[in-house]
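The block underneath contains the structure these notes are about, expressed in structure tokens.
The values are calculated or read from the model by the stated rules, or taken from the named source; none is laboratory data. Because the structure is predicted, anything quoted here is derived from the model rather than measured. Please note: Cβ atoms are built from the backbone with ideal geometry, for glycine as well, and neighbour counts cover all protein chains shown. All accessible areas refer to the heavy atoms of the entire protein, side chains included, with ligands and DNA or RNA removed. Shrake-Rupley method; radii C 1.70, N 1.55, O 1.52, S 1.80 Å.
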Amino acid sequence: MTKVVVTGMGCVSGLGSDVETTWRSLIAGETAIRIITKQAVNSSAFSMQVPGAPVRSDALERLGKQFSEKQLAAVDGFSNYAAAATQEALADAGLLGDAARLAKTAIIYGSASGGNASIEAGFQRIFDSKLSGIHPMTIPRYMNSASVSHLSMLFGIRGHCLAVSSACASSAHAIAEAAYFIRA
């Protein structure tokens, strides 16, 4: 049996919303670190400024052209950023829209954490808004594997789907796991 391995690259980061922009920013020596002003969702009394690497605002534009607002609003933002990078990688590999090949495609996804914005919204509901509980979808949105499930549903990927979470080494471990899968 002949194995066919097709690869593609996708990237969403503070340096750019795709591989080309990110690479140009890296070569130019740019930094993604800038001040982020975080306003509490339900409170004008709470605001903070912290250094961070916010994702470029145009990162989800391509994704919004292919999928409905309902499909994208059901998940935490980290899952949509994963989807934007995946969309670019699938297009780069020539697989975007190829249902037959995507049904045999695998996802090995690495991320240090899951939907932190969903957890923050849950805390705000309880502590700031004094509500008795969190939104029922908070845990499914927060789980690190939420992104892999989201990618599978959006793109019709039906092969092996695995979320790897090992702190800062997550992406390296995901690449190694993918290599093991290809070899096997």
### Task
Report the antiparallel proportion of the DSSP beta bridges in the chain as a percent, rounded to a multiple of 5.
55
### Summary
With only helices counted (DSSP H, runs n ≥ 4, each -39500 (n - 2.57)), the per-residue ellipticity at 222 nm for the chain, to the nearest 500, works out to -12000 deg cm²/dmol
#### Entry: Per residue value of the accessible surface for the chain (all protein chains in place, 1.4 Å probe), Å²
61
### Query
Amide H neighbours of Ile107 under 5 Å, counting only residues 5+ apart in sequence or on other chains, H built in-plane at 1.01 Å?
His160, Cys161, Leu162
### Entry for mean projected area of the Cα convex hull in nm² (calculated from the structure that is shown) out of (1) 9.8; (2) 12.2; (3) 13.9
(2)
### Query
What is the packing order of peptides 172-183, 102-113, taking the mean over residues of other C-beta atoms within 10 Å and listing the highest first?
102-113, 172-183
### Task
Show me 84-92, 26-34 ranked by packing, highest mean number of other Cβ atoms within 10 Å first.
84-92, 26-34
### Message
If I take every Cα pair under 8 Å that is 6 or more residues apart in the chain, average their sequence separation and divide by the length, what percent do I get for the relative contact order?
### Response
23
### Query
Roughly to the nearest percent, how much of the accessible area of the stretch 6-163 is carbon and sulfur, given a 1.4 Å probe?
59
